[in-house]
Amino acid sequence: MSKTTQRKAVIVGAGIAGLAAARRLSEIGWEVVVAEKAPERRGGGYLLALTGLGYQSADRMGLLAALSARALNPVEFRYANAAGRFGYCVPGDTMRAVLGQDAVILFRGDIESVLYDAIPGNVDLQFGQTVDEITQDDTGVQVTLASGGTLTADLLIAADGLHSATRRQVFGPEKGFRRDLGHMLAATTLHEPPDGIPDGTVSTFTAVGRTATIANLGPDHRAAFFDYTTNDTQSELGKTAFAALATPYEDFRTVIPDVLTQLPTSATTYFDTVSQLVIDRWTDNRVVLLGDAAWCVSLFAGYGASLALAGADQLATALDQQDIPTALRTWETKLRPETTASQRRGSRNARLHAPTNRLRLLARDLSMRATVFPPVRQLIRHQLRA
Ligand SMILES: Cc1cc2nc3c(=O)[nH]c(=O)nc-3n(C[C@H](O)[C@H](O)[C@H](O)COP(=O)(O)OP(=O)(O)OC[C@H]3O[C@@H](n4cnc5c(N)ncnc54)[C@H](O)[C@@H]3O)c2cc1C
């Protein structure tokens, strides 16, 4: 499509979705401003697998080499009960075979770093910045920045995550769209190697309704994730992560007490409900939702980062080929079946992460142990992606 004037986008949020969109839009000739609320680049994160569409987009965007250079290769995934007794281990090679060839295991923050390094110098990335007011019609959008200036653009991309303030301003209150899965999640980076967790391993401690996973994968790659079920997510949210975790994990006798003491001084701790975001349209005129702000599939789907990357890549591809309203429609029509399927998978997998009864715990353990058999690996891979 021939363009006579340069188009401009304002992107709210510099997570995986926002940074990937900035890179791709700039690549197709758009002027891009990114407003990120955090005062500086966020680090840390948790261990995840970039797979499927996300892997394909990373490849298309020329990022695979940089991502692979930061890939982590745990030698062993170990499984224990609350008392700290290890029942079985899954070798790292087996877990990689479960994920398939087209997968990179790495920390979330490392994906952001790779994207950040790939942003061209002409992208105006503003930290400590957000959008306070939005007015729009069907030809463009005007935003007032928190710093006081105003910007006029062809498109405003809300990539500000599950609790998107941009979405609230344009589409309505979050409670109309958020679906809580009855779990709480805390994820934290660890500055000290945890006692009792060998280097190169990922160890999961599980009791009914509660799980804690400790990744000890070298300096800057040590993290803990806690996932527990609750009937009252609102009251849990009113607590600090440190206070909230004390009761569900009080009977976890080894490793976890030591890890919990690191929580108050950790550089980054994430504490939130495990939720999905279900909204019937991602576009309102010249405002479009992207990533978790549009379709959060939850950590249980194991696909949110992949979809954030792929969603941004596909959005830019559509905008390069069509006028803005048509591109937004085409993009949503193509991507929505993927996000819906992924949300279904996320709801289904919740019971594997913090199994809610002994039978489910047993079923999880049996299927993890059975990954030594190639046909079972294939079945699990199919379940993870179906
Ligand atoms: C423990 C855990 C494990 C996971 N495992 C996997 C996995 O294996 N595979 C996978 O693909 N995905 C996984 N995910 C999901 C994945 O991390 C997310 O879905 C993905 O990172 C979403 O990216 P995003 O850019 O849409 O949102 P976010 O990462 O939430 O980024 C939003 C950005 O917007 C900024 N922001 C927020 N509000 C404002 C505002 N008002 N103004 C300006 N900026 C703002 C934030 O500071 C942030 O930088 C996991 C998630 C968790 C929690």
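The values are calculated or read from the model by the stated rules, or taken from the named source; none is laboratory data. All figures in this text were calculated on a predicted structure; none of them were measured in a lab. As a convention, Cβ positions derive from the backbone with ideal geometry for all residues, glycine included, and neighbour counts pool all protein chains shown. The accessibility values were calculated without ligands, DNA or RNA, using every heavy atom of the protein model including side chains. Shrake-Rupley method; radii C 1.70, N 1.55, O 1.52, S 1.80 Å.
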* Hey, which of the strands (runs of 3 or more DSSP E) in the stretch 84-139, taking only ones fully inside, have at least 1 residues that are outside the structural domain of Thr204 (by TED's automatic domain parsing) and closer than 19 Å to Glu31 by Cβ? -> 124-127, 131-137
* Structure fact -> By residue number, the members of the stretch 212-230 that are open to solvent by 10 Å² or more (accessible area, probe 1.4 Å) and either out of contact with any helix residue (DSSP H, G or I) (no Cβ under 6 Å at 6 or more places or on another chain) or outside the structural domain of Thr247 (by TED's automatic domain parsing) (or both) are Thr213, Leu217, Gly218, Pro219, Asp220, His221, Arg222, Phe225, Thr229
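I'd like to check which helices (runs of 4 or more DSSP H) are fully inside the stretch 292-372 and have at least 1 residues that are open to solvent by 10 Å² or more (accessible area, probe 1.4 Å) and more than 12 Å from the ligand (Cβ to nearest atom).
Details: elements: 292-295, 304-321, 324-353, 358-369.
It comes to 304-321, 324-353, 358-369.
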* Find all pairs meeting these conditions: Cβ atoms under 8 angstrom apart; at least six residues apart or on different chains; first residue within the stretch 291-310 and among the acidic types (Asp, Glu); second residue within 6 Å of the ligand (Cβ to nearest atom) and assigned to a helix (DSSP H, G or I). => Asp292/Ala17; Asp292/Gly304; Asp292/Ala308
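What about Thr265, is it free of Cβ contacts under 8 Å to residues at least 12 places away in the same chain and away from the ligand (no atom under 12 Å from the Cβ)?
Working: free of Cβ contacts under 8 Å to residues at least 12 places away in the same chain: no; away from the ligand (no atom under 12 Å from the Cβ): yes.
So Thr265 fails the test.
Tally time: how many residues in the stretch 187-211 are at positive phi and buried (at least 17 other Cβ atoms within 10 Å of the Cβ)?
Taking the stretch 187-211 first, the residues at positive phi are 196, 200, 209.
Retained after the next criterion (residues that are buried (at least 17 other Cβ atoms within 10 Å of the Cβ)): 209.
Total meeting the criteria: 1.
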* **Qualifying residue in the stretch 254-272 (condition: open to solvent by 50 Å² or more (accessible area, probe 1.4 Å), in the same structural domain as Gly13 (by TED's automatic domain parsing) and aliphatic (A, V, I, L, M))** => no
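Considering the stretch 225-250 alone, what residues qualify as being of a type in the set (S, T, N, Q) and assigned to a loop (DSSP other than H, G, I, E, B)?
Of all residues in the stretch 225-250, those of a type in the set (S, T, N, Q) come to 229-231, 233-235, 240, 247.
Correct list: Thr230, Asn231, Thr240, Thr247.
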* How many residues are surrounded by fewer than 21 Cβ atoms within 10 Å (Cβ to Cβ) and near the ligand (Cβ under 7 Å from one of its atoms) when one looks only at the stretch 24-46? -> 4
* Mind counting the residues in the stretch 251-279 that are in contact with a Ser or Thr (Cβ under 8 Å, 6 or more places away or on another chain) and not in a helix (DSSP H, G or I)? => 11
* To do: For the stretch 373-381, indicate whether the set of residues that are farther than 26 Å from Asp232 by Cβ, not assigned by TED's automatic domain parsing to the domain that holds Ser113 and not in a helix (DSSP H, G or I) is non-empty.
  => yes
* Being surrounded by 18 or more Cβ atoms within 10 Å (Cβ to Cβ) and in contact (Cβ under 8 Å) with a residue 60 or more places away in the chain is the filter; apply it to the stretch 57-73 and report the residue that is farthest from Gly291 (Cα to Cα). => Met61
